[in-house]
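The values are calculated or read from the model by the stated rules, or taken from the named source; none is laboratory data. All values reported here derive from a predicted model rather than from experimental measurement. So basically every Cβ, Gly included, is an ideal-geometry build from the backbone, and we count neighbours across all protein chains shown.
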Amino acid sequence: MALAAAPAFAAPAGEELPHEGPDAQDPVIPIKARSGIGEGREANNTASAISGQGFTITANATLASEYRFRGVDLSGGDPTVQGGIDLFHDTGFYAGTFASTLDDETTGYGGLELDFYAGWSGDVAEGLSANLGVIAYTFPDAPEGDFDYLELYGSVGFTLGPAQATVGAAWDVGEDGLRFGGLRRDNLYVYTDLSAGVPGTPVTVNAHLGYTDGAIDFAGESVSFDWSLGADWAIRDTPLVLGVAYVDAADDVAPPGAFNPTSGTILGTLTAYF
C-alpha cells in the first residue's frame, strides 16, 4: 500500500505538532512536522535566532520515533529525522522550508520530503490571531510521475482562559494532489488544536483533532478522523523540547498482523531550536 506523504501541519511534526496561532512579535513555526509534526507536523522559536532589518531567521531539527502526518505513519514505523528553516519579518510575512525522511515502501514517494511555504501571520484583534499561506509538498527522489502538490492553509488562534486554541483548514485544490488507494481528488483538512501550560512547570499539554474530506479514503467514504494527546517539556537553559503524544487515526487500513500505518502509537520527539 502506498500512501501520500506530507508534513504535519505543523509538524514538523507532525504530525502532529500543534501551536499554530503565530504572533509576528513572537514568531512560531507556522507549519508543523509535521506533525503532522506534526501537526505539525507546529513550538515556539524562543531559542537564539539571527535577526536584523526587521527579519528573523530561525532553524529547527527533530528526531522523532515516527513521522506521523494527520495520524498516518509515513516512516514505516521507523525513526525519522526532520528539520526546517524559517524567515520572519516584523510585518508578519514569513517563508520557510521543512524536510523529513520517509519510508518509500510505505509512501511510494521516495525517501525524502522537502516542502516550501510562505504566508502571513499576526494579530487581527485583541486575543485573536490569524495565519494564512500556501505550501508546496515536493518529493525529490520520487519515482517517475506527478507527486508534488500544493495546499492553501489558514487558521485562527485565540485564548480560552489559561489555554490557547487554534482552528484551521488546509485545502489541496487540484486533482493531482494527495493519492490514497489510487484515488485522486481535492482534499480538505480541518482541525482544532488546544494547548495549556502547566503552572510553575516548563510543561505544555496539547490536544489535537483533525478531519479529512477527500483523497484520504480509510473508511470507504472519503472521510477520516485523526487525533492526538500529549505534552511538551521545554528543557531549561537549553534549546531542546522533549515531546510525547498518543497519535491515532480512524479505521485500520491493513489486516491484523500486517503493518498498519493508521494504528495508534506513542510518538516521541526531541527538537532543537536555533
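Across the range 125-140, which residue is surrounded by the fewest Cβ atoms within 10 Å (Cβ to Cβ) among those that are assigned to a loop (DSSP other than H, G, I, E, B) and at pLDDT 90 or above? It would help to see each step written out before you state the result.
The first filter runs over the range 125-140 and keeps only residues assigned to a loop (DSSP other than H, G, I, E, B), leaving 126-127, 139-140.
Filter once more, so that each one left must be at pLDDT 90 or above: 139-140.
Numbers: Phe139: 24, Pro140: 13.
Of everything passing the filter in the range 125-140, Pro140 is surrounded by the fewest Cβ atoms within 10 Å (Cβ to Cβ).
Among the residues of the range 56-93, what is the count of those that are over 20 Å from Val247 (Cβ atoms) and charged (D, E, K, R)?
So the answer is 2.
Pairs, please: C-beta under 6 Å, at least 6 apart or cross-chain, first residue within 20 Å of Asp146 (Cβ to Cβ) and of a type in the set (Gly, Ala, Ser) and in the range 174-198, second assigned to a strand (DSSP E or B) and modelled with pLDDT of 60 or more?
Gly177/Tyr149; Gly177/Asn187
Just checking, which of Gly145, Gly108 is surrounded by fewer than 16 Cβ atoms within 10 Å (Cβ to Cβ), over 27 Å from Ala196 (Cα atoms) and over 18 Å from the mean Cα position of the chain (by Cα)?
The conditions single out Gly145.
Can you pull out every residue in the range 97-120 that is small (Gly, Ala, Ser) and at pLDDT below 95? Step through it out loud before you land on a result.
Restricting attention to the range 97-120, the residues satisfying the condition of being small (Gly, Ala, Ser) are 99-100, 108, 110-111, 118-119.
Those that are small (Gly, Ala, Ser) and at pLDDT below 95: Gly108, Gly110, Gly111.
Looking at the range 149-157, can you tell me whether even one residue there is touching a Lys or Arg at 6+ places or on another chain (Cβ under 7 Å), among the aromatic types (Phe, Trp, Tyr) and either at pLDDT 90 or above or farther than 22 Å from Asp86 by Cα (or both)? Spell out the reasoning first.
Of the range 149-157, the ones touching a Lys or Arg at 6+ places or on another chain (Cβ under 7 Å) are none.
Scanning the range 149-157 turns up no residue that is touching a Lys or Arg at 6+ places or on another chain (Cβ under 7 Å), among the aromatic types (Phe, Trp, Tyr) and either at pLDDT 90 or above or farther than 22 Å from Asp86 by Cα (or both).
Just to verify a result, which residue in the range 73-83, among those that are modelled with pLDDT under 95 and farther than 14 Å from Tyr109 by Cβ, is surrounded by the most Cβ atoms within 10 Å (Cβ to Cβ)?
Ranking the qualifying residues of the range 73-83, first place goes to Gly77.
Among Val198, Val203, Val241, which is the only one that is closer than 24 Å to Ser75 by Cα, of a type in the set (Val, Ile, Thr), at pLDDT 75 or above and touching a strand residue (DSSP E or B) at 6+ places or on another chain (Cβ under 7 Å)?
The unique qualifying residue is Val241.
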